[in-house]
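Shown next, in structure tokens, is the structure this report addresses.
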Amino acid sequence: MFEYKVKVFNGDFYPANADRLESILDENGRDGWELVNIIPQIKSNSSSGEDLTCVEKVEVGYNILVFKRERD
């Protein structure tokens with residue numbers, strides 16, 4: 001049986017944030033957590049609110065990191 005943990009990573013995965021992301025992964029890995037998924041949360045500059053059919057540019061607003069580890 002597993003337990004899960006979710007963390008929000010604000011920022012992109014470009015080199016400027018690589019050290020911060022690596023730190024999060026190392027810290028959780030030491031506690032036995034394994035990264036199993038990254039879920040990007042999309043933002044856009046759509047002029048029609050949430051309607052993404054007329055989007056000019058799509059960007060990731062933040063990422064959700066999903067970790068799991070075996071339950072003792």
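Details
- All of (1) modelled with pLDDT of 95 or more; (2) acidic (D, E); (3) assigned to a loop (DSSP other than H, G, I, E, B) hold for E56 with one exception: (1).
- Matching residues in the range 1-46 - criterion: being in contact with a helix residue (DSSP H, G or I) (Cβ under 7 Å, 6 or more places away or on another chain) and under 22 Å from D72 (Cβ atoms): K7, L35
- Summed over the range 1-21, residues that are closer than 16 Å to L35 by Cα, touching a Leu at 6+ places or on another chain (Cβ under 9 Å) and touching a residue at least 40 places away in the same chain (Cβ under 8 Å) total 6.
- Selection within the range 4-24 - over 10 Å from the mean Cα position of the chain (by Cα) and either of a type in the set (F, W, Y) or surrounded by 10 or more Cβ atoms within 10 Å (Cβ to Cβ) (or both): Y4, K5, Y14, N17, A18, R20, E22, S23, I24
The values are calculated or read from the model by the stated rules, or taken from the named source; none is laboratory data. Keep in mind that what you see is a predicted model, and the values were worked out from it rather than measured. Note that we place each Cβ from the backbone using ideal geometry, even for glycine, and neighbour counts take in every protein chain shown.
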